[in-house]
């Protein structure tokens, strides 16, 4: 349910507006775009969260494919981590059409094969599709609460702040604004479909949560991907499907470090045309990334999840404010309601989580609800005094409504 409704009413809205705001501002990075809407303090907050999130994304998406590759090949994880970091470094400093632009069509084809193949294997393999449809029963082996953890963990298939950091890369490649709905909104819907297929696999291939948890406990989440792919598609098809799964994080990690370099260049007002200036940012960035990668993965993953959804929350609020200032206040609900929802998610998580304030769960839930309702009320009250956006490129153009 979260993947379906989240991708349509939150994630796709988030991706569309983050992309369009960048398009209307000549491809600016998202901290600068949000700063134009919310002011300089928000710009600094967005810069911090963007760099933090992108660094965590880069690290997380080095470790996860390295572990899966290690299980497939038997190669040492550390060697694979260094190899992936080397690829990320090259993709970060060379022009986008030199590496990323050439490899992504191939990666995309493998991703389509993986998605269609796994879905077909599940449908025609005689499996009972989604045998347990009581979606509101908590089946977490440790009894962790569904709220807000489900909405932190299930991010990229529903809503992900990371996507907003990638929007400028796409905005700079658009030939016309009319492509934006397909590129930004449509791509998020497609990602939701991919996520939904893997959710169905998890609920159907293993006929009970206990069976899947047993596989995870005996190995890692990567073992689930390995077993599902090879069983449904055979050795060759399974190998290609696993490669498709590996590609997903790698195609996020390379652009994450690239976007971090560009955001830091904006902060320090450093031209990125000379290669030496790119290296001046990239080398320290990758040193920090490698050091972070040596820390506890579970801790990194939790901070990544929270930072990711907090950034999504901020972008949605910026989109709602933009709509009001662009004389399209009647449409602000499409952004302000998911923004309020994500506010509750973010505040509740950081309030009760051990990596945050570690407050009692009930107290954290109340704080999250109060923060969400308070933010929405403050937005509505303040919206009456807002004028048209200060973003000059958007003053005379009508923004599309997805």
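What the table below lists for this structure:
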item: Sites residue 190 and residue 5 - FRET efficiency at Förster radius 25 Å, r taken between beta-carbons, to 0.05; result: 0.95
item: Computed [θ] at 222 nm, helices only, for the chain once each DSSP H run of length n ≥ 4 contributes -39500 (n - 2.57); result: -24500 deg cm²/dmol
item: Contact order normalised by residue count of region 2-314, Cα under 8 Å, 6+ apart, percent; result: 39
item: Distance in nm between pseudo-label sites at residue 292 and residue 355 (7 Å out along the Cβ direction from Cα); result: 1.1
item: Pairwise FRET efficiency - residue 275 versus residue 106, Cβ, R0 = 25 Å, nearest 0.05; result: 0.45
item: Residue 113 paired with residue 178, simple spin-label distance in nm, labels 7 Å along Cα-to-beta-carbon; result: 3.5
item: Label-zone membership for region 98-122, site residue 240, 7 angstrom Cα→C-beta point, backbone N under 18 Å; result: 104-122
item: Share of pairwise Cα separations in region 1-134, more than 25 Å, in percent; result: 53
item: Segments 318-326, 151-159 sorted - mean Cβ within 10 Å per residue, highest first; result: 318-326, 151-159
item: Kirkwood Rh, angstrom, the chain [1 / mean 1/r, Cα pairs]; result: 22.0
item: Length added when fully stretched, residue 77-residue 208, from 0.36 nm per residue minus Cα-Cα; result: 44.1 nm
item: Cα-projected label distance for residue 26 with residue 94, points at 7 Å along beta-carbon direction, nm; result: 2.9
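Readers should treat all values here as calculations from the given coordinates under stated rules, not as data from a laboratory. Being a predicted model, the structure only gives us computed values, none of them experimental. Here the Cβ is made from the backbone with ideal geometry for all residues, glycine too, and neighbour counts use every protein chain on show.
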